[in-house]
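Each remark here refers to the structure printed beneath this line.
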Amino acid sequence: MSARYLEISRSELESRARQAYEIYRECRVCPHACGVDRTQGQTGYCGQTDLLSVSSSVRHFGEEPPLVGTGGVGNLFVTACNMRCDYCQNFQISQLWKKQALPTAVELERTYQSTAEQMVRLQKEGVHFIGWVSPSHVVPGLLKSLVLARDMGLRIPIIYNTNGYDALPTLKLLDGVVDIYLPDLKYAHSATAKKISHIQEYAEFSREAVLEMYRQVGPLVLGEDGLALHGLLVRHLLLPEGLAGTWETLCFIALEMSPSVSLSLMSQYRPVHKARFPLNREITIEEYESAIAMTRELGIENLYLQSMANKVHNLPNFDNTENPFPLDCTQNQDNAAVWQL
Ligand code: SF4
């Protein structure tokens, strides 16, 4: 399996990283467009300077089967986030982190080097892909690390695992670099996103972003071994009381892209962190079956479903950064039970 970033020259990859880093100077890396100079220690909504902080880098077997295979995904769980979902299951690393001080040049380079080393270590451990998890606010740092990692022998493809709140100019710098886009489409209604994820215009930005991802990598293509080669796999997490706007999101996928787009319809919602009424319950079997019926109505066929019975295994605990996932979620046979085609 060849990674796309190996098909562009080193100087081109370096140039992408440099261009991306320049965006930090008046930050518009994500749609918040805070305009702060992160290279001078200023911080915006995400609270991050130009320091690249990875909370946990682990071999993970909890993603969809074509990403997991037998070796798993080498996930880098990035610190902080550009959303503030009341129900975030990763809240320990996305929201409860310590404010950064202005890093020295040496510290800065060390974090890029360390991230590169983590990617190479995961490759040695036998993962099929490197997953950048919640990367939207640190794309420049990740690109810088990728240049170093490639020099150190990194050869496996990159999965861009995002909440979908991505800025178009930033995504364009990833064209030819990322092999697999794994975006959420969390909400069809921006007013809901504002209320429970505390961001503006989610529906508009996420849809624009997903269309760009689809333009770059096309539909999800699998190899003979069942592993993903490249493409787009959209995730949609059902929320209680239809808050995610499932029908509208499914219509967007089927009509604005294609019914053949691969979709992961997620049932794993759990009321954690600050989730309050009406988010204070899991979704019901009836809600999940109703969403599945919608996909059938729209002709969406490449569907990954989650078992309602195994949801308990999907909640991470990032107090244990070396192994944030329960043991039975890190074994492939359990992954098969959690996901169904
Ligand atoms: S990445 Fe987004 S949230 Fe963070 S400072 Fe830049 S524009 Fe603001």
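Got the relative contact order for region 163-259 handy, in percent, Cα pairs under 8 Å and 6 or more residues apart? Before the final figure, lay out each step's value.
Working: 142 pairs, mean separation 32.0, N = 97.
Value for region 163-259: 33 percent.
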Once each part is reduced to its C-alpha centroid, what is the distance from region 1-57 to region 72-120 in angstrom? 12 Å
Can you tell me what share of the DSSP beta bridges in region 216-281 is antiparallel? A percent to the nearest 5 is fine. 25 percent
Leaving out ligands and nucleic acids, and using a 1.4 Å probe, what accessible area per residue does the chain come to in Å²? 40 Å²
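Apply the a/c threshold of 1.5 to the C-alpha gyration tensor of region 169-293 and tell me whether it is rounded, prolate or oblate. Numbers along the way, then the final one.
Details: a/c = 2.01, a/b = 1.47, b/c = 1.36.
It is prolate, given that a/c is not under 1.5 and a/b is the larger ratio.
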What is the spin-label model distance, in nm, from Arg25 to Ser11 if the labels are put 7 Å beyond Cα along the C-beta direction? 2.2 nm
At 1.4 Å probe size, with no ligands or nucleic acids counted, give the accessible surface of Arg18 in Å², nearest ten. 140 Å²
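Could you rank the peptides 240-246, 7-13, 296-302, 54-60 by their average count of other C-beta atoms within 10 Å per residue, with the highest value first?
Numbers: 240-246: 19.1, 7-13: 12.4, 296-302: 14.1, 54-60: 21.7.
Sorting 240-246, 7-13, 296-302, 54-60 by mean packing, highest first, produces 54-60, 240-246, 296-302, 7-13.
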Rounded if a/c is under 1.5, else prolate if a/b beats b/c, else oblate: with a ≥ b ≥ c from the C-alpha gyration tensor eigenvalues square-rooted, which is region 76-222? oblate
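Would you check the chain for Lys pairs whose C-alpha atoms are within less than 16 Å, ignoring same-chain pairs closer than 8 in sequence, and give me the count?
Details: Lys144/Lys172; Lys186/Lys194; Lys186/Lys195; Lys194/Lys274; Lys195/Lys274.
Count of close lysine pairs: 5.
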So, by mean Cβ neighbours within 10 angstrom, what's the order for 252-258, 133-139, 88-94 with the highest one leading? 133-139, 88-94, 252-258
State the Cα centre-to-centre distance between region 149-189 and region 255-272 in whole Å. 17 Å
Contact order normalised by residue count of region 4-340, Cα under 8 Å, 6+ apart, percent: 18 percent
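What share of the DSSP beta bridges in the chain is antiparallel, in percent to the nearest 5?
Taking every DSSP beta bridge within the chain, about 30 percent pair in antiparallel fashion.
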Using the Cα gyration tensor of the chain, with a ≥ b ≥ c the square roots of its eigenvalues, what is the shape: rounded (a/c below 1.5), prolate (a/b larger than b/c) or oblate (neither)? rounded
Burial order of peptide ranges 218-227, 122-131 (average beta-carbon count within 10 Å, highest first): 122-131, 218-227
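The values are calculated or read from the model by the stated rules, or taken from the named source; none is laboratory data. As the structure is a prediction and not an experimental result, all values here were calculated from the model. Glycine also receives a Cβ, built like all others from the backbone with ideal geometry; neighbour counts cover every protein chain displayed. For accessibility, only protein heavy atoms count, side chains too; no ligands or nucleic acids. Shrake-Rupley method; radii C 1.70, N 1.55, O 1.52, S 1.80 Å.
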